[in-house]
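Rule-based calculations on the coordinates, nothing more; no lab input. Predicted, not measured: the structure shown is a model, and the values here were computed from it. Cβ placement follows ideal geometry from the backbone for every residue including glycine, while neighbour counts extend to all protein chains displayed.
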Amino acid sequence: MITLFDDLKFGDTNEMVKIIQEKLKQLNLYNSLITGSFGDATKMGVEAFQSLAYLPITGVVDLETWNKLIEYTSPAISPISIFPVLRRGSTGEEVKDLKTKLKALLYYTGDITSNFDLETENAVKRFQLNNKLTADGIVGNNTWNILNSLYGNLNDCVLNNESNDNNNYITYKVEKGDTLYGIAKKYDTTVNEIKSLNNLTSDILSIGQILKIPKKSNDDYINYIVVRGDTLYGIAKKYGTTVQELKNINNLTNDTLMIGQVLKVPQNTETNYIDYIVMKGDTLYGIARKYNTTVATIKSINNLTSNILSIGQVLKIPV
């Protein structure tokens, strides 16, 4: 039993990491080269081991994880199960278990049955592709280990209280040509938020893949009723947003508005800006300095294409 031990984690490079990789390989939890460098594949193997050994899933090899690795790789014991290999045509309770976990991770949207059909195979391939596995649609030990690790990391509210979680996101089905950047821009979020919410380890998407997209609370918007003479440009300028953002939020495909139409508008302007009336001698640089902002910010908010100001001109200034 080891008594002195420094935690080993992502980014470490030494001989101890080599030993960890060898032990993970013995347990079929690591299939890369023995390099001594603690990278993504090593971390994933450690997390899978911790999940199967009922340890906290941290991806860090602490003393408890190290002692369990020694115990589980001793010649006399092998408590890590060898999972059944499943492929299209397989049947049984193991297939139900597979579908349940894929569905919880949003790779599968069908019914939970005991038949491994084409839809299941495609879901498995998407899962494998996103987790840097060979996307063959066959569920072997490596796929099981990573699947169980990610499934074990799901928050209880996702597993047991899906209806509450649904209030915090919408689901999006990936179409041809989609990218994480494009989807994030469309739904006013970030690539990292989408990857975190969906447990993605890469930017690769598959057609038909189901993604969770974080949605804004209704408190983040106000309802605006279109009146005669309104344009998207004018509304966007008034509320400190952009035409494209208004179109995305309201699912508009063109710039045409109708009197009485209700638009959702980001509620972020009336309390964040003041109106400043340009006086003789004012410059954008001087105004920016006075209000602790930048010339570029003022020009962007007010859709200015030059630095020229007119006396009496009204500018929106962030406060």
Calculated [θ] (222 nm, deg cm²/dmol) that DSSP helices of n ≥ 4 give over the chain, each run adding -39,500 (n - 2.57)
-11000 deg cm²/dmol
Expected max-MSF residue from I259, I194, I213 in the GNM of the chain (alpha carbon, under 10 Å) is I259
Proxy reagent accessibility, fewest Cβ within 10 Å first, across V265, V60
V60, V265
For the chain the mean separation of alpha carbon contacts under 8 Å (6+ apart) over residue count, i.e. relative contact order in percent, is 11 percent
Checking the cross-link filter: which lysines have an alpha carbon closer than 18 Å to that of K96, excluding same-chain neighbours under 8 positions apart?
K125
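For the chain, what proportion of DSSP beta bridges, expressed in % and rounded to the nearest 5, is antiparallel?
Counting DSSP beta bridges with both partners in the chain, the antiparallel share is about 100 percent.
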How far, in nm, would the chain grow between V227 and T35 when pulled straight, counting 0.36 nm per residue and subtracting the alpha carbon separation?
62.4 nm
Which of N67, N251, N292 ends up with the largest GNM mean-square fluctuation for the chain, with Cα atoms connected below 10 Å?
N292
With 10 angstrom as the radius, rank Y239, Y224 by how many other C-beta atoms surround their C-beta, starting from the fewest.
Y224, Y239
